[in-house]
Amino acid sequence: MLKDIMKKVTVSAPGKLMLLGEHAVVYGRPCIVTAVGQRIRAMVELTDQPVFELNAPDVAVVHYQKPMSELGKGDLPKGAKFMEVAIKNFGVRRGVKVTTASEFSSQFGFGSSSASTVCVIKALSELTNKKLSDKQIFDLSYKTVLDIQGKGSGFDVAAATFGGTLYFVTGGKVIKPLNIKSLPLIVGYSGIKVDTVTLVNEVLEKAKKYPAVIEHIYDAIGRLVELAKKAILQSDWATLGELMNFNEGYLASLGVEGPKLAGMIYGAREAGAYGAKLSGAGIGDCMLTLTPAKAKKAVEQAIEKAGGQVIDVKANVEGAKVESSD
């Protein structure tokens with residue numbers, strides 16, 4: 001029996017939005033990512049039976065069970081695989097029961113898989129009294145993502161773990177918080193769901209065909225990120241908007257802009273935004289703008305006119321945290 005140790009903990013972690021650096025970050029260039037206010041919560045319990053149980057109704061997984069000795073084996077349900085592999089990688093010897101609830105739909109591309117992975121790792125760190133550091137939680141969560149996807153930069157894992165707005169280099173080589181008070185974004189959802197790995201692989205094929213061209217684009221995006229970091233720290237939103245527009249141009253040249261996102265982006269600019277660009281892998285999911293207060297309503301209307309959905313998103317929020325324990 002379990003005695004004299006914590007048996008249950010609830011942890012939450014935020015989603016993310018990429019500000020600048022998509023695709024290039026996969027290949028060693030820096031990016032800037034911000035944590036968003038929509039959070040995932042995971043109640044994690046240690047049990048006496050050596051069984052993993054998951055209830056994640058937001059992703060249509062209910063009463064999913066598997067022996068602890070079988071974790072990571074077989075055909076894993078999409079909604080369960082990240083948490084299952086995370087528990088396997090952590091190496092807990094007890095049974096584990098996880099119940100999740102999300103404040104945002106996984107369709108938005110806010111990084112729900114990474115956020116749920118971070119929640120589980122942090123919760124197990126508390127339950128087993130290992131008290132892993134944020135960097136250790138990042139490393140183990142990032143390993144889990146790589147085990148499943150085969151590739152990925154880890155910026156979404158970093159946002160979920162550390163929160164705030166981060167200057168990030170592939171694999172967590174650099175994770176630098178940018179200490180700002182706010183980030184005045186307007187976010188639009190395209191209504192199109194895309195697979196990140198598929199798009200990354202499509203760009204990779206172009207890189208194989210035109211290596212010098214694509215490397216030049218990645219280098220240029222990296223330079224934009226360095227300039228953007230300075231603009232963010234100075235709260236120079238007009239300059240940051242211009243840099244976002246440049247970044248969008250490079251992403252369009254990689255072929256990941258997409259007509260629906262383009263309509264939303266260019267509509268927002270014409271309505272008075274400082275800048276607008278896609279956020280994430282491209283083609284679908286979200287776009288974002290930096291907008292003067294006087295143009296906020298016009299920009300939101302332009303996004304909706306282009307067929308997008310304006311989402312109420314607070315940026316620069318805190319990272320993974322323990323909300324309750326028993």
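Values quoted throughout were computed directly from the atomic coordinates according to the rules given, and no laboratory measurement underlies them. Computed from a prediction, not measured in an experiment: that's the story for all the values here. Cβ coordinates were reconstructed from backbone atoms using ideal geometry, including for glycine residues, and neighbour counts include every protein chain displayed.
Some values worked out for this structure:
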read-out	value
Cross-link table LYS122/LYS277; LYS143/LYS260; LYS176/LYS321; LYS81/LYS277, entries beyond 27 Å C-alpha to C-alpha	LYS122/LYS277; LYS143/LYS260; LYS81/LYS277
Computed [θ] at 222 nm, helices only, for the chain once each DSSP H run of length n ≥ 4 contributes -39500 (n - 2.57)	-13000 deg cm²/dmol
The chain, relative contact order in percent, only Cα pairs under 8 angstrom and at least six apart counted	25 percent
GNM result for the chain, Cα springs below 10 Å: residue of GLY164, GLY74, GLY258 fluctuating most strongly	GLY74
Ranked SER141, SER133, SER279, criterion: other C-beta atoms within 10 Å, fewest first	SER133, SER279, SER141
Loop-resident sites, the range 42-85, for trypsin sites (Lys or Arg not before Pro), counting at most 13 other Cβ within 10 Å (DSSP)	LYS73
Ranked list, fewest to most other Cβ atoms within 10 Å of each Cβ, for ASP156, ASP58, ASP326	ASP326, ASP58, ASP156
Cα convex hull of the chain, projected area averaged across orientations, nm²	15.9 nm²
Degrees, to the nearest 10: 134-149 long Cα axis against longest axis of the chain	80 degrees
Spin-label pair ALA293/LYS78, simplified geometry with 7 Å Cα→Cβ offset, distance in nm	4.2 nm
Helix axis angle, 78-90 relative to the chain longest principal axis, alpha carbon, degrees	60 degrees
Kirkwood Rh, angstrom, the range 185-311 [1 / mean 1/r, Cα pairs]	14.8 Å
Set of aspartates and glutamates near LYS230 by C-alpha distance (under 14 Å), chain-local residues within fewer than 8 positions excluded	GLU242
Low-density loop positions, trypsin sites (Lys or Arg not before Pro), the range 233-326 - DSSP coil, at most 15 other Cβ in 10 Å	LYS314
Neighbourhood charge, 11 Å Cβ-Cβ cut-off, centred on SER12 and excluding it, Lys, Arg +1 and Asp, Glu -1	+1
Per-peptide average of other Cβ atoms within 10 Å, ordering 245-253, 142-150, 117-125 highest first	117-125, 245-253, 142-150
Mean Cα-pair separation over length for the range 185-311, i.e. relative contact order, pairs under 8 Å, 6 or more apart, %	37 percent
Rounded Å value of the spacing that divides the Cα centres of the range 125-147 and the range 277-315	33 Å
Cβ crowding within 10 Å averaged over residues, with 17-29, 177-189 ranked highest first	17-29, 177-189
